[in-house]
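Undergrad: My structure is below; once you've seen it, I'll send some questions.
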DNA sequence: GCTAAAAAGCTAACCGAATTAGCCTCAGGC
DNA sequence: GCCTGAGGCTAATTCGGTTAGCTTTTTAGC
């Protein structure tokens, strides 16, 4: 019997891919083992259990989202940066709904959990993008929270099939980006919200 | 042995309450049975199984959200209506995170699923509120989707503990409502987005 | 009031998925 | 060519959901 050559990273990657296919809530150790051509208990040589697997997928996902947003924003500013970053995130959630769900469900296990810096990377990218709008400093946190709420909400609703199909969702997304951009322009330093 | 006097509605209500306490993902038939002072299999006389229970909780939750928003908007218009409706929804999610999660996870089982009219009630309230802003007709759907995204995203992020505590979340929420209101005012009929 | 039947509870048993224990073997270093 | 440990396996346990089938309460009709 030749070995399968698994590693924690390989198991995590396969688990993430499987979650995207069947849905995060349908992910099971048995299904993943089958996918990897191995018996279920063998997975425990690489991950501590289902909770550990889910957490590793979450860390992977959040870091991937962070990468995608950073790359999209790179070299752009203002509306361009907002639109590119938002589209990158939306694209990611549509392409990888399972691992994004894992990322949402995860809670840090402690102060040195790698999930924490991963989340911070995402927030740092958004903060950098917003910085281009030159908001009053005390409004940046509010704008950041609104942006997160908006994009997270849109992406999850869309990925969950919660939008009816009477109007093009792409159009709605573009409209939303415009709305956000114009509103942020109004909040340039000195104006009240 | 006296009877417990359960009904499908009573089981659903208890399940919803339990989901709020322990989290929707931690809800189990065994735990609910214990809470109701009954053995697990007895629950199957009232609900078809865990999936059916989750679905009933979802319908209950969406209808409760619809009620809350309708009541909050009642007699108000413009920014008042927006703020009141949004706060009502936020309050609901904070008070009932478990059943709200059930509502999000649910998918209609068919065209005559009671979940469908429940969701429509929510959308109808938001649409009525937005109507007060006199947007161009072809923009209403986009504004509705943005509003849903925003409020759903904010509520779930807050309920999930995803906002750090460096700034008051209430302030962020108010700021967001102002942002939405001012943006919508800009889109009064005739102006492009 | 008596009885039949439906409703609502129970116990026992089954099933599937996660997990644990313990064995066996392949791969690589001496 | 052995020795060791990592990585695979089978077998067994546990737990939660579910089903089967029995018992008892309630209720309707007489």
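The values are calculated or read from the model by the stated rules, or taken from the named source; none is laboratory data. Keep in mind that this is a model prediction, so the values were computed, not measured. Ideal geometry is used to build each Cβ from the backbone, glycine not excepted, and the neighbour counts take in all protein chains shown.
Undergrad: Could you go through the stretch A:175-188 and let me know if any residue there is surrounded by fewer than 15 Cβ atoms within 10 Å (Cβ to Cβ), touching a residue at least 24 places away in the same chain (Cβ under 8 Å) and either within 7 Å of chain B (Cβ to nearest Cβ) or more than 30 Å from residue A:53 (Cβ to Cβ) (or both).
TA: So far as the stretch A:175-188 goes, yes, one or more of its residues are surrounded by fewer than 15 Cβ atoms within 10 Å (Cβ to Cβ), touching a residue at least 24 places away in the same chain (Cβ under 8 Å) and either within 7 Å of chain B (Cβ to nearest Cβ) or more than 30 Å from residue A:53 (Cβ to Cβ) (or both).
Undergrad: Filter the stretch A:165-174 down to the residues that are within 9 Å of chain B (Cβ to nearest Cβ) and part of a loop (DSSP other than H, G, I, E, B), then identify the one that is modelled with the lowest pLDDT. Give the derivation first.
TA: Here is the first cut: in the stretch A:165-174, the residues within 9 Å of chain B (Cβ to nearest Cβ) are A:166-167, A:169, A:171-174.
Then drop every residue that is not part of a loop (DSSP other than H, G, I, E, B), which leaves A:166-167.
Details: A:166: 77, A:167: 86.
Filtering first and then ranking leaves A:166.
Undergrad: Just name the residue that is farthest from the other protein chains (Cβ to nearest Cβ) out of those in the stretch B:143-158 that are without any contact (Cβ under 8 Å) to a residue 24 or more places away in the chain and under 19 Å from residue A:140 (Cα atoms).
TA: It comes out as B:157.
Undergrad: A follow-up question, please. Which one of the conditions (1) within 12 Å of DNA strand C (Cβ to nearest atom); (2) farther than 30 Å from residue B:85 by Cα does residue B:49 fail to meet, given that it meets all the rest?
TA: (1)
Undergrad: Considering every residue within the stretch A:71-80, establish whether at least one is within 16 Å of DNA strand D (Cβ to nearest atom) and either closer than 22 Å to residue A:181 by Cα or at pLDDT 95 or above (or both). Break it down into steps so the answer makes sense when it comes.
TA: Within the stretch A:71-80, the first condition is being within 16 Å of DNA strand D (Cβ to nearest atom), and the residues that meet it are none.
Within the stretch A:71-80 (the criterion being within 16 Å of DNA strand D (Cβ to nearest atom) and either closer than 22 Å to residue A:181 by Cα or at pLDDT 95 or above (or both)), the answer is no, since none of the residues qualifies.
Undergrad: Would you check if there is a residue in the stretch B:57-69 being within 16 Å of DNA strand D (Cβ to nearest atom) and at pLDDT 95 or above?
TA: Applying the first criterion (within 16 Å of DNA strand D (Cβ to nearest atom)) to the stretch B:57-69 yields B:57-58.
Checking the rest, the ones that are also at pLDDT 95 or above come to B:57-58.
Yes, the conditions are met somewhere in the stretch B:57-69.
Residues are listed down the side, and each one gets a yes or a no for (1) within 12 Å of DNA strand D (Cβ to nearest atom); (2) within 17 Å of residue B:97 (Cβ to Cβ):
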{"residue": "B:4", "(1), (2)": "yes, no"}
{"residue": "B:10", "(1), (2)": "no, no"}
{"residue": "B:13", "(1), (2)": "no, yes"}
{"residue": "B:16", "(1), (2)": "no, yes"}
{"residue": "B:20", "(1), (2)": "no, yes"}
{"residue": "B:23", "(1), (2)": "no, yes"}
{"residue": "B:31", "(1), (2)": "yes, yes"}
{"residue": "B:39", "(1), (2)": "yes, no"}
{"residue": "B:44", "(1), (2)": "yes, no"}
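Undergrad: Here's a follow-up. Residue by residue through the stretch B:120-142, note down the ones that are facing chain A (nearest Cβ under 8 Å) and either under 13 Å from the mean Cα position of the chain (by Cα) or in contact (Cβ under 8 Å) with a residue 24 or more places away in the chain (or both).
TA: Listed by number, the residues that qualify are B:139, B:142.
Undergrad: Suppose we filter B:161, B:75 for residues that are without any contact (Cβ under 8 Å) to a residue 60 or more places away in the chain, away from chain A (no Cβ under 11 Å), surrounded by fewer than 15 Cβ atoms within 10 Å (Cβ to Cβ) and on the phi > 0 side of the Ramachandran plot; which single one remains?
TA: Numbers: B:161 fails: away from chain A (no Cβ under 11 Å).
Going through B:161, B:75 in turn, the sole match is B:75.
Undergrad: To continue, here is another question. Are there any pairs with C-beta distances below 7 angstrom linking a residue in the stretch B:1-17 that is more than 14 Å from every other protein chain (Cβ to nearest Cβ) to a residue that is more than 9 Å from DNA strand C (Cβ to nearest atom) and assigned to a loop (DSSP other than H, G, I, E, B), with the two at least 6 apart or on different chains, and if so which?
TA: Filtered contacts from the stretch B:1-17: B:8/B:47; B:11/B:47; B:15/B:27.
Undergrad: While we're here: What pairs can you find where one residue is in the stretch A:27-56 and within 14 Å of chain B (Cβ to nearest Cβ), the other is within 7 Å of DNA strand C (Cβ to nearest atom), and their Cβ atoms are less than 7 Å apart, with a gap of 6+ or different chains?
TA: These pairs meet every condition: A:50/A:29.
Undergrad: Go through (1) within 14 Å of another protein chain (Cβ to nearest Cβ); (2) away from DNA strand D (no atom under 16 Å from the Cβ); (3) buried (at least 20 other Cβ atoms within 10 Å of the Cβ) one by one and return the number of the condition residue B:104 breaks.
TA: (3)
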